[in-house]
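Before any comments, here is the structure.
The values are calculated or read from the model by the stated rules, or taken from the named source; none is laboratory data. None of the values given here were measured: they were computed from a predicted structure. Ideal geometry is used to build each Cβ from the backbone, glycine not excepted, and the neighbour counts take in all protein chains shown.
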Amino acid sequence: MRLTTKGRFAVTAMIDLALRQDKGPVTLAGISQRQEISLSYLEQLFGKLRRHEIVDSVRGPGGGYNLARKAEDVTVADIIIAVDEPLDATQCGGKASCNGADHAHGTRCMTHELWSSLNAKMVEYLDSVSLKDLVDQQKQKAEEANVVVLHRPHLAA
């Protein structure tokens, strides 16, 4: 599987949103600045996320985006599927009409089942990771970064 920029940016932006939404709606301009993602690109992604009911938009002054459901109820697979990111490792693009055929040679693709199985495992894994899991990881990293370790000089007795 090759996860493209679209999927990676969508997941990154959703983590940013989930980390900050307790202070009210999160602006795309803020996400754009913090994550160095083009504002117009974020607008496209969030339009898709809103249509899939993953985020809600709030208009007007103080507006922005909030999660439409709890972070534990949103998976990485939900986000990637919402932005139309295919999770496919087969050469045929997962098309039902392929039937495992190598179109260039008209022969059966000998590894089609392998890549189809990999696709299923990737979706299964990404469906097992919630947005809350990723937010918790980021909070843990921030806590660890704020811990100051004091070293006492070793004194010989």
Query - Qualifying positions in region 8-24 - in contact with a Leu (Cβ under 9 Å, 6 or more places away or on another chain) and not β-branched (V, I, T) - result: F9, A10, A13, M14, L17, A18, Q21
**Report entry** Options A77, A82, A96; residue that is at pLDDT below 95, at negative phi, surrounded by fewer than 17 Cβ atoms within 10 Å (Cβ to Cβ) and of a type in the set (A, V, I, L, M, F, W, C)
**Finding:** A96
Report task. Can you work out which of the residues in region 21-45 that are within 18 Å of the chain's Cα centre (by Cα) and among the aliphatic types (A, V, I, L, M) is surrounded by the fewest Cβ atoms within 10 Å (Cβ to Cβ)? Result -> L39
Query - Subset tally (residues that are in a loop (DSSP other than H, G, I, E, B) and not small (G, A, S)) for region 54-78 - result: 6
Query raised in the report: In region 1-56, how many are among the small types (G, A, S) and modelled with pLDDT under 95?
Result: 2
